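Report on the following structure.
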Amino acid sequence: MSKQLISVRINDELFEGEVEPRKTLADFIREDCTLTGTHLACEHGVCGACTILLDGEAVRSCLMFAVQADGASLTTLEGLAPEGGPMTPVQQGFMEHHGLQCGFCTPGFVISAHAFLRDHPDPTEEEIREGLSGNLCRCTGYQGIVRAVQRAAEITREDVTA
Amino acid sequence: MSTVEKPSAARFVGARVQRREDPRLLSGHGQYIDDVRLPGMLHATFVRSPLARARIVAIDLEHALAVPGVVAIWDGSALNGDAATPLWDWAGEGTPFPEVRALAEGDVRFAGDPVAIVIARDRYVAEDAAELVDVEYEPLQAVVGRELAEASTGRAHDGIDTNVAWSAASPTDPALEAAFAASAHVITETFRQQRHVNVPMEPRGLVAHWERGAEQLTVYASSQNPHQDREYFARVMGLPEHHVRVIMRDVGGGFGQKIFRTREETAVALASRRLGRPVKWIEDRQENLMAANHARDEQMTLRVGVDADGVITAIHASHLADVGAYPLMPAMMPGFMALEVLPGPYRFARYGWAGKSVFTNTSGISAYRGPWMMETVAREIMMDVVAREIGVDPAEIRRRNVIQTEDLPYTTPTGREYDRISPAQTLEAALEEIGYERFREEQARARAEGRYLGLGISTYIEPTAGAQGPTGIEAATVRVEPSGKVNVLMGTGSHGHSLETTMVQVVADQLGVPIEDVRLLQGDTAVSPYGGGTAGSRSAVIAGGVARISAIKLREKVLELAGHLLEAAAADLEIEDGTITVKGSPGSSIAFADVARIAYYDPSRLPEGMEPGLESTSRYSAPPATYANSTQVCTCEVDVATGEVRLLDYVVGEDCGVMINPMVVEGQIAGGVAQGIGGALLEHLAYDETGNPLAITFKDYLLPTTEDVPDIRYVHVETPSNTPGGHKGVGEGGAIGAPAAIVNAVADALAPLGVRVTSQPLSPDRVLAMIDDARSA
Ligand code: FES
Ligand code: FES
């Protein structure tokens, strides 16, 4: 299969690579760019573990081809907080409220929560539950995740008013 | 060690300490199996049977081998002979068992049976080639359905002339029959539980690396117990155990599915040895749902004798399990465990049982969070059936039968000995927290308005930390390094249950050092002493117990050395926050780090006869079981127009002894309850009558989401166990108790319509059908 040259900015770093047109964006991120913080739990678009930000929008990287991201700017879990710097409010919330156990679904939840909170800075619990209902977690029972997102909204508000 | 003395300064055990694993996992730097990359690594995929039962007539590899990038393709006849022994064998007197080989050979026995392994330079190429492997099958009659298997004219396995894998019963007991005859009521009902899949979010996978020259196999595993894996690979590959190393780093959930190594994983290890190169296999979700081991798929019939006051005087249970084609545990296990645990939290004086397991042409059964939990499902739904039938309140009937503190110690009819349990207390605590009386009033008002609200109770005793054979012991090496920092080496592994935090809490308390100064190293057989790994809710009790024992032993040495240096008696010293002080004279102290440095670098300052260094290794052999108890109570509303069940409130009253970290305890319970909700309302790995699986994507196998799992409230009762830290297991209880609580809530809601609920999942279509059936009855 003939390969195509693409260039994608991920977490503010430029990645150029030759990929087969059929290679998924998730596999490109994980294998070609060795950013393994993005996880694959179904590879058919249901679980949300592979969620990343593509030009700011949350997308499922298992459902896209790498060539479709040519020229785009992506954020994965590794790029949310500066290396060695403070966690984001969402990460902080997950830590404080036991929003993860095995951590396999976590990349998708954290990225989805970032996108969700940007659009709903002051969400109700019901809105959080609806907003994250497209992500699956098998460990936590979700309670810690919902609390984590509530806490993240609170931290963000405190930061703004401080 | 019979009592629980509190550590001298209990600062971490009992506290909601934030998790040590989180910064790594939250920043994308976990190390899961698919993140492992080795130089020269190849990728494997499997050709699988599309049929449940068929003869393999011919396998044509020609086109597949021609795909550029393909390195090798082997079928069963080519690869199986590399194994030194059958992969596992549970055959015994009256319990036949098939020969388990890495790949199918001659015939296939379930849809998904691995027929050939394809090795290529990347997974895309491997999958391309797998598509081109041409297998000719001659279909045979498949054995499908647990209630049909025994009478089927088909056979699940060649060479085994019955589909009955195990059958046994308690001896005839005239006293039991007499008790039934004397009962005011005898009630019989059958309860059914559908086939589930554990569904860890990370599917199965491994990387096997055969190192030529060293003649050593290194396996990176997505596992629950690296030391048992080492023993497994050594045995099936015919290797000495010290030439096998198993490493598990972060694992994306297991829930029982990753206890045992499977046929595919074995094939990958054999392939790596043939090629002398690392080989990686990561299954996809369809494979996980189709061919990784399944669970539940069982039914239990209870016959119960009750006296006029609602006291149960006789009970008989008979269990039937479908264990699939190649169960990963003995065929007796689901039934025998369930039947043995069934008396649970009640004073059932007379008990008899019968159990049977059948082979079918479906994916094999293995452990799933509380693999015996059918006992709670059947018993607790039956308690409500009885209550309804004889007109007693369901809370009240439990009160009349539950074991009270004054009954302890108590021995069940199956010989289990309860000592430090509190089932009556957790029952009352949960009922009070949910507001039982108030809910009954609300329910009556709702009924008057034509709304269907219900409440369900589920009470149980969980045998945790079962300790025998390979899971009997845990070990901990606690090592203070020359700088005073502490490494703890244990044979455990990490798949979500927070041991990197909880074990460190235990050790930091005993050594009196800041928690940041202690780190757990686990999951690597080259680093850690032997341990049984994770299964049966054993980590808090056995691993937590030995971490404590080993840390106490080391603390004694630290104090002896410090006493020598400070010219004080060890008994007069205390360690707090990394400083050792003579009690009452704060001026006389030495830093923990200084003691460590002297222990390693300045042996002349050690007391006479003391070995240099600061390290202790202990092993702990736990009691056969440590009992936890719990009551779950939930409320729901059923929409009788749509069949939708909505959970309104959820309370778990539980006694897991001394909690190391209540946040982790609650997380374990919540996760288990969510899995129970899935099983009660959504999940079903159905097969059609030809053995074709019907739910092999997440669009068909429905997991609960944020919208299905309500907030759960907890009431903790802490009765210390008779083990070193006073802990009890808590990993499985949530999953054990939830289905019965939910079924009972739905049955309670629909009782005015005459609906009986005896099976799951309570999906909207099935709820509507039950309502229709009741109306037309
Ligand atoms: S892996 Fe992409 S949605 Fe599941
Ligand atoms: S934390 Fe394990 S799947 Fe969500």
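Each reported figure results from applying straightforward, stated rules to the coordinates on display, with no laboratory input. Here the structure is a predicted model, which is why all the values come from computation and not from measurement. Backbone-built Cβ (ideal geometry, glycine too); neighbour counts: all protein chains shown.
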Legend entry - Nearest-0.05 FRET efficiency for B:ALA448 and A:ARG118, computed from C-beta distance (R0 51 Å): 0.65
Inset, instruction - Please tell me the relative contact order of chain A in percent, rounded to the nearest whole number, where contacts are Cα pairs under 8 Å and at least six residues apart. - result: 24 percent
Inset, instruction - Just need the Rg to Rh number for the stretch B:1-141, please, alpha carbons only, Kirkwood Rh. - result: 1.23
Inset, instruction - For B:ARG195, list long-range residues whose amide hydrogen, built 1.01 Å from N in the peptide plane, is under 5 Å from its own amide hydrogen. - result: B:ASP297, B:LEU685
Inset, instruction - Could you work out the local net charge near B:GLU99, counting Lys and Arg as +1, Asp and Glu as -1, over the other residues with Cβ closer than 13 Å to its Cβ? - result: -1
Legend entry - GluC sites (Glu not before Pro) within the stretch B:673-777: DSSP coil, no more than 13 neighbouring Cβ in 10 Å: B:GLU689, B:GLU707
Inset, instruction - List the trypsin sites (Lys or Arg not before Pro) within the stretch B:150-240 that fall in a DSSP loop (any state other than H, G, I, E or B) and whose Cβ has at most 15 other Cβ atoms within 10 Å. - result: B:ARG212
Inset, instruction - State the volume of the convex hull built on the alpha-carbon positions of the stretch A:89-161, expressed per residue in Å³ and rounded to an integer. - result: 71 Å³
Legend entry - Space enclosed by the convex hull of the alpha-carbon atoms of the stretch B:272-382, per residue, Å³: 126 Å³
Inset, instruction - Work out Dmax and Rg for the stretch A:4-79 from the C-alpha atoms and quote the Rg first, both in angstrom. - result: 10.9, 30
Legend entry - Members of A:LYS23/B:LYS280; B:LYS553/B:LYS583; B:LYS280/B:LYS356; B:LYS485/B:LYS583; B:LYS699/B:LYS728 lying beyond 29 Å, as alpha-carbon distances in this model show: B:LYS280/B:LYS356; B:LYS699/B:LYS728
Inset, instruction - Mind listing the long-range amide H neighbours of B:ASP107? Cut-off is under 5 Å, sequence gap 5 or more, other chains count too, H placed in the peptide plane at 1.01 Å from N. - result: B:ILE56
Legend entry - chain B: calculated mean residue ellipticity at 222 nm from DSSP helix runs of at least 4, using -39500 (n - 2.57): -8500 deg cm²/dmol
Legend entry - Inter-centroid distance (Cα atoms) of the stretch A:112-162 relative to the stretch B:239-307, Å: 34 Å
Legend entry - Relative counts (whole %) of C-alpha pair distances in the protein assembly as shown, using bins that are 20 Å wide: 14, 44, 35, 7, 0
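Apply the membrane-span-like helix rule to chain B: whole DSSP H runs, Cα extent along the own long axis of at least 30 Å, mean Kyte-Doolittle hydropathy at least 0.5. List the helices found.
Working: long enough: B:544-566 (32 Å, 0.56).
The qualifying helices are B:544-566.
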Legend entry - Share of pairwise Cα separations in the stretch B:630-777, more than 21 Å, in percent: 50 percent
Inset, instruction - Mind checking the stretch B:351-453 for trypsin sites (Lys or Arg not before Pro) that DSSP puts in a loop (not H, G, I, E or B) and that have at most 16 other Cβ atoms within 10 Å? - result: B:ARG451
Legend entry - Relative contact order (%) - criterion: Cα under 8 Å, at least six apart; region: the stretch A:89-161: 56 percent
Inset, instruction - Run through all the Cα pairs of chain B and give the fraction in each 10 Å bin from 0, expressed as whole percent. - result: 3, 13, 22, 23, 19, 12, 6, 2, 0, 0
